[in-house]
Amino acid sequence: MKSLKKISAVLQHARLAFPFMLLAVGLLSGCQIEPTFTYAPLPEITFHPEEVGEQQPKLADVATRKFPIAKDRSIVGGLAVISTHEGDTLADIARHFGLGYTEITVANPGILPWAPTAGERVMLPLQFILPDTPRKGIVLNLANMRLFYYPPKQPGVLYTYPLGIGREGWNTPLGQTTIVAKKVAPTWTVPASIRREHAAKGDPLPAVVRPGPDNPLGKYALQLGFPSYLIHGTNKPYGVGMQVSHGCVRLYPEDIKALFKKTSVGMPVRIVHQPYLTAWDGNMLYLEAHEPLQKWAGEKKRRQKSLLKKLRQTAAKKGATVDWKKVNRILQRADGIPTPILAASPDSQELVAKAPEVQHPGHFYGQPVVEALSGSDWAILVADFDDPAMAQQLAAMLNHQGPPIPARKVEKNGSYQVIAGPFKNKRVAKWAAHRIKKDFDIGTQLLQPGTLAVP
């Protein structure tokens, strides 16, 4: 088994970065799949409810995916907060409220994404400044990994969904195109470049992946005019809000289903990268800042210089005074929260303090429910930690893989073990162990029936 002391030390040193890296490894490929094995499939983890579609949480009147919009306004939505329960993760909260992983984690930097303490207040960044583009069809802003849809027959309505996008070296392209085809239950023809990449790792992929649970395109796909690029669903929903694909754009399964029904062939699609967004709301000027993606990191200073020039011109036209120290703090923080920047305006901490608290639903949409273990089950000892939070993080990440690996934290003799299972037989357990080794680089120990002491 790989040194668990080393794993624990790294987790302690970088509680956000390392969990993100581990999860991303298992979620790589917006247009990619897990290799085919002869083993039987893993047991399914239960998800609730089956459908969410456009349902809005009827809690504190907080909108999540559908917003009213006026011609003279460029900012929609509002901030909210929610208190965590035992076993929650930021990924579950994000999906329930139509947010991506990066959005919710950068907005809550002091909270462990995979093991928040019960009772912590999580800020829901459900306010957005619209990209500076024509309000027509679909607009994707890669900087905040978000899609904005302007329905042609509903001028007063905006739909917006979080995205998973291309990772470094496989960047999602910029520019203007259209939807050229719509496909239900799409078949994925694996590009030669991706097959070569996997073959070099000793992880060969088939030439064609048919519809089904192993298809990374999910159940719906919108083909773009850019060759080989799609907006599609995913069988790895917790990769939404990350840069983990081979360039395609992935949405939560429930969001692509809703968008698929609304769109038509020929609809314009514009892809931009706008990390700094501004908007007037009444007599207040707002700034929303995101860290530029790595491909455009070299343009950061130039973009900020251009932003400051724009702010001076905008403020001068209205005779307003900008708090430049606050602007600098917002640019450094880059947390994606629209914040007022005029003199004597409230800071983000004040905005969060005044945000309405959303009632906890009891169970978030898509949140996995892991079946209980019995002494007669096959299981896997994945890791052993002194810190319960570290064990909880790893167990949560396993539960949120694609497909998920059922796991839980178990206290034993003063330490905290991560136990995966139940598995119905040895072959399934070995398959899960293989995936854990491949995705997390952790050696594991098979626990055959009768060896696991169940309280």
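Just checking, which of 272, 240 is at pLDDT below 95 and under 25 Å from residue 333 (Cβ atoms)?
Going through 272, 240 in turn, just one is at pLDDT below 95 and under 25 Å from residue 333 (Cβ atoms): 240.
If I filter the range 284-313 down to residues being free of Cβ contacts under 8 Å to residues at least 12 places away in the same chain and of a type in the set (S, T, N, Q), which single residue comes out as nearest to residue 341 (Cα to Cα)?
The residue in question is 313.
Please verify whether residue 272 is under 25 Å from residue 101 (Cβ atoms) and either of a type in the set (A, V, I, L, M, F, W, C) or surrounded by 23 or more Cβ atoms within 10 Å (Cβ to Cβ) (or both), treating the condition exactly as stated.
It is true that residue 272 is under 25 Å from residue 101 (Cβ atoms) and either of a type in the set (A, V, I, L, M, F, W, C) or surrounded by 23 or more Cβ atoms within 10 Å (Cβ to Cβ) (or both).
Does the range 85-95 hold any residues that are surrounded by fewer than 22 Cβ atoms within 10 Å (Cβ to Cβ) and either basic (Lys, Arg) or at pLDDT below 95 (or both), and which are they?
Listed by number, the residues that qualify are 86, 87.
Which of (1) at pLDDT 50 or above; (2) more than 22 Å from residue 164 (Cα to Cα); (3) surrounded by 17 or more Cβ atoms within 10 Å (Cβ to Cβ) does residue 45 not meet, given it meets every other one?
The one condition residue 45 does not meet is (1).
Conditions first: (1) touching a helix residue (DSSP H, G or I) at 6+ places or on another chain (Cβ under 8 Å); (2) aliphatic (A, V, I, L, M); (3) at pLDDT below 95. Residue 297 passes all but one, so which condition is the exception?
Condition (1) is where residue 297 drops out.
If a residue must be among the acidic types (Asp, Glu) and surrounded by fewer than 15 Cβ atoms within 10 Å (Cβ to Cβ), how many such residues does the range 280-319 contain?
The number of residues fulfilling the criteria is 1.
Could you check the range 334-362 and list, in sequence order, the residues that are polar (S, T, N, Q) and either under 13 Å from residue 125 (Cα atoms) or open to solvent by 30 Å² or more (accessible area, probe 1.4 Å) (or both)?
Passing the criteria: 339, 348, 349, 359.
Residues of the range 112-127 being more than 21 Å from residue 274 (Cβ to Cβ) and either buried (at least 22 other Cβ atoms within 10 Å of the Cβ) or touching a Leu at 6+ places or on another chain (Cβ under 6 Å) (or both), which ones?
113, 114, 115, 116, 124
Consider residue 448 against the criteria (1) within 11 Å of residue 377 (Cα to Cα); (2) surrounded by 20 or more Cβ atoms within 10 Å (Cβ to Cβ); (3) not aromatic (Phe, Trp, Tyr): it satisfies all of them except one. Which criterion is unmet?
Unmet for residue 448, out of (1) within 11 Å of residue 377 (Cα to Cα); (2) surrounded by 20 or more Cβ atoms within 10 Å (Cβ to Cβ); (3) not aromatic (Phe, Trp, Tyr): (2).
Return a yes/no flag: does the range 363-370 have any residue that is in contact (Cβ under 8 Å) with a residue 12 or more places away in the chain, more than 30 Å from residue 408 (Cα to Cα) and hydrophobic (A, V, I, L, M, F, W, C).
no
Every residue, every condition in (1) touching a residue at least 40 places away in the same chain (Cβ under 8 Å); (2) at negative phi; (3) acidic (Asp, Glu); (4) open to solvent by 10 Å² or more (accessible area, probe 1.4 Å), yes or no:
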| position | (1), (2), (3), (4) |
| --- | --- |
| 380 | yes, yes, no, no |
| 384 | yes, yes, yes, yes |
| 392 | yes, yes, no, yes |
| 396 | yes, yes, no, no |
| 403 | yes, yes, no, yes |
| 408 | no, yes, no, yes |
| 414 | no, no, no, yes |
| 419 | yes, yes, no, no |
| 422 | yes, yes, no, yes |
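For every residue, the table says whether it meets (1) within 30 Å of residue 82 (Cβ to Cβ); (2) of a type in the set (Asp, Glu); (3) assigned to a loop (DSSP other than H, G, I, E, B).
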{"position": "371", "(1), (2), (3)": "yes, yes, yes"}
{"position": "379", "(1), (2), (3)": "no, no, no"}
{"position": "389", "(1), (2), (3)": "yes, no, no"}
{"position": "398", "(1), (2), (3)": "yes, no, no"}
{"position": "401", "(1), (2), (3)": "yes, no, yes"}
{"position": "433", "(1), (2), (3)": "no, no, no"}
{"position": "439", "(1), (2), (3)": "yes, yes, no"}
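List pairs: first in the range 318-332 and assigned to a helix (DSSP H, G or I), second aliphatic (A, V, I, L, M) and at pLDDT 95 or above, Cβ under 6 Å, 6+ apart or cross-chain?
Listed pairs, sorted by first residue: 326/341; 327/341; 330/287; 330/289; 331/289.
So, of the residues in the range 128-164 that are farther than 24 Å from residue 234 by Cβ and among the aliphatic types (A, V, I, L, M), which turns out to be surrounded by the fewest Cβ atoms within 10 Å (Cβ to Cβ)?
157
Collect the residues in the range 208-221 that are exposed (fewer than 11 other Cβ atoms within 10 Å of the Cβ) and more than 23 Å from residue 258 (Cα to Cα), keeping them in residue-number order.
The one that is exposed (fewer than 11 other Cβ atoms within 10 Å of the Cβ) and more than 23 Å from residue 258 (Cα to Cα): 208.
Tell me which residues, restricted to the range 237-256, are charged (D, E, K, R) and either open to solvent by 10 Å² or more (accessible area, probe 1.4 Å) or touching a Phe, Trp or Tyr at 6+ places or on another chain (Cβ under 7 Å) (or both).
255, the sole residue that qualifies.
Please go through the range 382-398 and give me each residue that is within 12 Å of residue 115 (Cβ to Cβ) and out of contact with any Gly (no Cβ under 8 Å at 6 or more places or on another chain), ordered by number.
Result: 385, 387, 388, 389, 390, 391, 392, 393, 394, 395, 396.
Out of the range 320-333, which residues are open to solvent by 10 Å² or more (accessible area, probe 1.4 Å) and either of a type in the set (Lys, Arg) or under 29 Å from residue 122 (Cβ atoms) (or both)? Steps first, answer last, please.
Filtering the range 320-333 for residues open to solvent by 10 Å² or more (accessible area, probe 1.4 Å) gives 320-325, 328-329, 331-333.
Answer for the range 320-333, where residues must be open to solvent by 10 Å² or more (accessible area, probe 1.4 Å) and either of a type in the set (Lys, Arg) or under 29 Å from residue 122 (Cβ atoms) (or both): 323, 325, 328, 329, 331, 332, 333.
Taking the options 259, 277, name whichever one is hydrophobic (A, V, I, L, M, F, W, C) and surrounded by fewer than 23 Cβ atoms within 10 Å (Cβ to Cβ).
Going through 259, 277 in turn, just one is hydrophobic (A, V, I, L, M, F, W, C) and surrounded by fewer than 23 Cβ atoms within 10 Å (Cβ to Cβ): 259.
Tell me, which strands (runs of 3 or more DSSP E) wholly within the range 254-316 include 3 or more residues that are closer than 25 Å to residue 231 by Cβ?
Here the list reads 268-272.
Which residue pairs have Cβ atoms under 6 Å apart, sit 6 or more places apart or on different chains, and have a first residue in the range 175-203 that is part of a strand (DSSP E or B) and a second that is modelled with pLDDT under 90?
Short answer, once both residue conditions are applied: 188/209; 188/215; 188/217; 189/208.
The values are calculated or read from the model by the stated rules, or taken from the named source; none is laboratory data. These numbers were taken from a predicted model, which means no experiment stands behind them. Don't worry about glycine lacking a Cβ; one is built from the backbone with ideal geometry, like all the others, and counts go over all protein chains shown. Only protein heavy atoms, including side chains, enter the accessible area calculation; ligands, DNA and RNA are left aside. Shrake-Rupley method; radii C 1.70, N 1.55, O 1.52, S 1.80 Å.
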